[in-house]
Amino acid sequence: MGKKRIVTGDRPTGRLHIGHYFGSLKNRVKMQESGEYEPYILVADVQALTDNFNNPEKVRKNVKEVVLDYLSVGIDPNKTTIYIQSMIPEVAELTVFYSNLVTIARLERNPTVKTEIAQKKDLFGESVTYGFLGYPVSQAADITALDGELIPVGEDQLPLIEQCREIVRKFNSIYGEILKEPEAVLSNAKRIKGLDGNEKMGKSLGNAIYLSDSEDEVNKKVMSAVTDPNRIKKDDLGNPDVCMVSYYHKLFSTEEECKNICEECRAGKRGCVACKKQLAQNINKTLEPIRQKRKYYEDRPELVDKIIIEGTEKAREEAKKVMKKVKKAMKLDYFE
Ligand code: TRP
């Protein structure tokens, strides 16, 4: 039995942060290292354009940043194929074919799309674009173009995978059993809150620590993290349950450290500044090897280009095989 193929990816709209690290990157590296899968990671530049069509510079710049982030956390191009979505024309073709198999009402009901449209009123006003409404169709093309079997995602992405499965079933029922129906793998990783306590860490919210942040940047950001608002003086009794510093200690510090911190905070024996300094130190300890790896690749841009070009060629070969079968099934194989 062959290895199960994994397809994952990110929109290149910003550098990746520690939320991505705990939410998906660590898990991707783990799956890669298990040797049990055949992983593909796409940089979803076309998808990024659906809500950044007016800012192509931003998308272009972040394609490289995101690839550097992948490499820096240990995505190994010898084990995981990294590729650029827009360089696989078969994905665009499949998107067009699948668009006949999806109703507008069904897209409008997709909870992920619905939430995002509500958040993007500034961009879309009262009427969303055809491209944005249809991005689940394009994501279904990403997955099926590579015969993706397992799709590790966070909870917010589940409706997109479900929609992909529906498209696959519809396609297969009309044109024959050609496409593989992918399965979502819900990672146990949870979403990481922002420095300000917001449920989501994100670029637009200005509350993120990036994997590529310098030591100084981390120190500064940690100092700005939101702590127990009722604790004003050092000897006030603190409540670590409502403190972002304590929240991040649980991710970056040892159990022993966390226990001491909480006890001392509750007893009013530990000041927030000391607590933050210790946290910043531990975050920097985690990020240091990631920074070093990033630097290695930043200093070798031709190597990074080669990784992307070769990964994309490999992904394209797979997509061509799927496209050949699809065209035959759809009776579009005119001069074969
Ligand atoms: N929608 C995903 C995100 O927002 C990115 C993505 C695009 C993706 N195509 C994919 C994820 C295919 C998994 C499989 O991060």
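Below, the figures for the structure above:
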item	result
Residue in segment 119-146 that is nearest to A315 (Cα to Cα), counting only those that are part of a loop (DSSP other than H, G, I, E, B) and open to solvent by less than 40 Å² (accessible area, probe 1.4 Å)	L146
Matching entry among E33, E57, E90 (being open to solvent by 50 Å² or more (accessible area, probe 1.4 Å) and either touching a residue at least 40 places away in the same chain (Cβ under 8 Å) or of a type in the set (A, V, I, L, M) (or both))	E33
Residues within segment 240-265 that are more than 32 Å from the chain's Cα centre (by Cα) and open to solvent by 40 Å² or more (accessible area, probe 1.4 Å), tallied	3
Whichever residue in segment 215-239 is hydrophobic (A, V, I, L, M, F, W, C) and part of a loop (DSSP other than H, G, I, E, B) and, among such residues, is most open to solvent (accessible area, probe 1.4 Å)	I232
Filter result for I309 (open to solvent by 60 Å² or more (accessible area, probe 1.4 Å), hydrophobic (A, V, I, L, M, F, W, C) and free of Cβ contacts under 8 Å to residues at least 24 places away in the same chain)	yes
Positions within segment 147-170 being outside any strand (DSSP E or B) and over 21 Å from E108 (Cβ atoms), in sequence order	D147, G148, E149, G154
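Table: residues versus (1) open to solvent by 70 Å² or more (accessible area, probe 1.4 Å); (2) farther than 27 Å from E38 by Cβ; (3) within 16 Å of the ligand (Cβ to nearest atom).
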site	(1), (2), (3)
G148	no, no, yes
L158	no, no, yes
I167	no, no, yes
G176	no, no, no
K180	yes, no, yes
K193	no, yes, no
G202	no, yes, yes
I209	no, yes, no
S212	no, yes, no
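The values are calculated or read from the model by the stated rules, or taken from the named source; none is laboratory data. Every value quoted in this text rests on a predicted model; they were computed, and no experiment measured them. Glycine also receives a Cβ, built like all others from the backbone with ideal geometry; neighbour counts cover every protein chain displayed. Accessible surface is based on the protein model in full, side chains and every heavy atom, while ligands, DNA and RNA are left aside. Shrake-Rupley method; radii C 1.70, N 1.55, O 1.52, S 1.80 Å.
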